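Taking it in order: structure first as structure tokens, then the write-up.
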Amino acid sequence: MRAWVLALRDLRLEMRGRAGLLSAFSFIAVVLFIMGIAFGPEEANLRRAGPGVLWVALAFAGSMLASRAWAIEVENETLDELLLTPGSREWIYVGKLLFLWLLMLVMGAFLLVLVAAWFYLPLSSWPQLFVTLVLGATGYTVVAAFYAGLTVRLRARDVLLYLLVFPLILPVVLAAVKATLGIVDPVADFAEVVSWWKLLGVFDVVYATLCVLLFPAVIEG
Amino acid sequence: MVEPVVEVRRVWKRFGRQWVLRDVQLAVEPGEIVALLGPNGVGKTTLLRVIATLIRPQRGEVRLFGKPAKAIEQERGWIGLVANPPAFYRHLSGEENLSQSLALSSKPVAAAEVATAMERVGLPAGRPVAAYSSGMRKRLALARTMLQKPRLLLLDEPETALDSGGREELVEVIKSAASGGAVVLATHDHGFAGEIASRLVEMEAAR
């Protein structure tokens with residue numbers, strides 16, 4: 001319950017400040033524009049590159065938002081207040097995770113539509129694409145929210161976040177790209193897509209459990 | 001025998017190679033208002049943060065409410081900390097800050113109670129904290145303390161930026177908090193400390 005209160009409050013703050021969302025959406029627009037020009041104008045090339053562009057853009061924009069989730073506390077100097085709340089501190093991580101997850105899903109859906117339009121991805125398989133988005137975004141946010149919390153007190157947190165998160169989320173990006181490719185390719189075997197979903201699901205459950213268990217220890221000063 | 005609310009036992013704390021607290025001892029009994037005095041850099045704020053369990057000392061032990069500080073979880077909600085300057089979310093209004101803060105501390109309060117507290121400290125409704133002066137932020141911190149009703153209130157230079165009306169309100173809040181627990185405040189103002197505190201503790205720079 002408290003985790004939802006925290007997530008909704010952060011969403012409200014983000015909607016009023018808009019600093020993180022504006023940066024993330026501008027970044028996405030620039031990436032799509034550059035990649036669209038670089039891989040175009042051949043439809044086959046664009047269609048092949050689309051899933052990779054989608055997930056790489058989402059991963060980098062997600063790092064900006066993950067950093068933002070904790071920067072809210074640093075800018076307002078309110079981290080101490082959160083740490084002084086009663087009970088174990090897992091809920092703080094879960095709250096930040098929910099905030100980031102909701103933003104990633106909205107951004108991912110928006111990005112999917114843009115990539116579909118520009119890179120000729122068929123949206124007829126949208127339920128499968130949505131499942132991939134949910135599984136991939138969950139794996140990504142579980143790790144990014146954890147490391148963004150771990151580095152929140154450091155001056156070089158933004159640089160460190162990329163260095164810490166990207167090696168770990170490589171399996172998520174790879175599995176999500178492969179699953180997306182399988183979904184948009186009409187001759188691909190759907191069983192292969194399901195096996196990538198399973199990998200993403202296992203990653204999500206294992207990392208979510210580990211991060212929830214470890215968070216109270218790492219957030220202590 | 002009644003346990004002290006706070007017990008600081010031979011605490012040492014350094015930042016980098018610089019010792020800020022060296023062998024500090026302090027016990028605060030229920031009902032006490034202890035004022036930590038001393039020039040800048042003697043470690044008053046650091047000691048408050050160590051007591052609040054926000055930073056861990058290199059050596060020594062802190063006990064709160066009769067328990068080791070590292071073992072408290074639920075009791076953390078009994079600690080009220082007013083930093084200098086007090087921390088609030090700038091894009092939220094005063095009322096939103098109060099209600100969110102209390103909801104996250106598992107002490108949700110009705111909107112009417114929040115409105116009464118805001119009125120009592122003389123703050124206008126609906127204005128974002130970004131538009132508050134430092135004195136208004138201090139008043140908002142007082143309103144939060146009134147609603148939070150902590151059993152241990154820690155205040156860092158609470159009197160600065162407050163006008164005479166704000167100071168009177170502050171004295172009332174401190175006395176009320178001490179009647180249900182204990183108060184530790186850090187200040188440079190000997191006059192204010194002498195007026196409010198039941199014990200003055202002069203701190204010296206660690207060498």
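Here are the numbers for this structure:
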{"read-out": "Karplus 3J(HN,Hα) series, Hz, for region B:9-14 with 6.51 cos²θ - 1.76 cosθ + 1.60 (x for Gly, Pro)", "value": "10, 6, 8, 10, 9, 10"}
{"read-out": "Förster radius 60 Å - calculated FRET efficiency between A:Glu220 and A:Asn45 (Cβ-Cβ, nearest 0.05)", "value": "0.75"}
{"read-out": "Rounded Å value of the spacing that divides the Cα centres of region A:198-221 and region A:74-105", "value": "15 Å"}
{"read-out": "Antiparallel content of DSSP bridges confined to chain B, in %, to 5", "value": "45 percent"}
{"read-out": "Heavy-atom accessible area ranking, 1.4 Å probe, most first, across A:Lys178, B:Lys175, B:Lys138, B:Lys107", "value": "B:Lys175, A:Lys178, B:Lys107, B:Lys138"}
{"read-out": "Chain B - mean residue ellipticity at 222 nm from DSSP helices (-39,500 (n - 2.57) per run, n ≥ 4, rounded to 500)", "value": "-10000 deg cm²/dmol"}
{"read-out": "Average other protein chain Cβ within 10 Å of Cβ, residues A:179-188", "value": "0"}
{"read-out": "Accessible solvent surface per residue of the protein assembly as shown, calculated while the other protein chains remain in place, 1.4 angstrom probe, Å²", "value": "45 Å²"}
{"read-out": "Rounded FRET efficiency, nearest 0.05, which uses the C-beta distance separating A:Leu154 from B:Trp12 and R0 of 22 Å", "value": "0.35"}
{"read-out": "For B:46-57, mean number of other protein chain Cβ atoms within 10 Å", "value": "2"}
{"read-out": "Peptide A:80-92, shielding by other chains (average Cβ, 10 Å cutoff)", "value": "6"}
{"read-out": "Helix runs (DSSP H) in chain A reaching 27 Å along axis by Cα, Kyte-Doolittle at least 1.0", "value": "A:19-39, A:90-119, A:126-150, A:157-184, A:190-219"}
{"read-out": "Computed lengthening from A:Phe27 to A:Phe130, 0.36 nm per intervening residue step minus Cα-Cα distance", "value": "34.9 nm"}
{"read-out": "Of all accessible heavy-atom area on the protein assembly as shown, the percent that carbon and sulfur account for (1.4 Å)", "value": "61 percent"}
{"read-out": "Chain-alone versus full-assembly comparison, region A:1-27, residues with accessible loss of at least 30 Å² (1.4 Å probe)", "value": "A:Arg2, A:Val5, A:Arg9, A:Arg12, A:Leu13, A:Arg16"}
{"read-out": "Estimated FRET transfer efficiency (B:Ser198, A:Val194; beta-carbon r; R0 60 Å; 0.05)", "value": "0.30"}
{"read-out": "Within region A:108-148, backbone nitrogen closer than 20 Å to the virtual label 7 Å beyond the Cα of A:Ile37 toward Cβ", "value": "A:114-120"}
{"read-out": "Counted charge near B:Glu195, where neighbours are those whose Cβ lies closer than 13 Å (Asp, Glu -1; Lys, Arg +1)", "value": "-2"}
{"read-out": "DSSP beta bridges in the protein assembly as shown [antiparallel fraction, %, rounded to 5]", "value": "45 percent"}
{"read-out": "Buried area at the B-A interface (accessible, heavy atoms, 1.4 Å probe, summed, Å²)", "value": "2500 Å²"}
{"read-out": "Reachable lysines, given that their alpha-carbon falls under 30 Å from the alpha-carbon of B:Lys149 and they are not under 8 places away in the same chain", "value": "A:Lys96, B:Lys13, B:Lys44, B:Lys67, B:Lys70, B:Lys107, B:Lys138, B:Lys175"}
{"read-out": "Protection-proxy order for peptides A:6-13, A:160-167, B:91-98, B:7-14, each taking the mean of Cβ atoms within 10 Å per residue, highest first", "value": "B:91-98, A:6-13, B:7-14, A:160-167"}
{"read-out": "Accessible-area ranking of B:Thr53, A:Thr151, largest first, probe 1.4 Å", "value": "B:Thr53, A:Thr151"}
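The values are calculated or read from the model by the stated rules, or taken from the named source; none is laboratory data. In this text, all values refer to a predicted model and were calculated from it rather than measured experimentally. As a convention, Cβ positions derive from the backbone with ideal geometry for all residues, glycine included, and neighbour counts pool all protein chains shown. The protein model used for the area step is the full one, side chains on, heavy atoms only, and it has no ligands, DNA or RNA in it. Shrake-Rupley method; radii C 1.70, N 1.55, O 1.52, S 1.80 Å.
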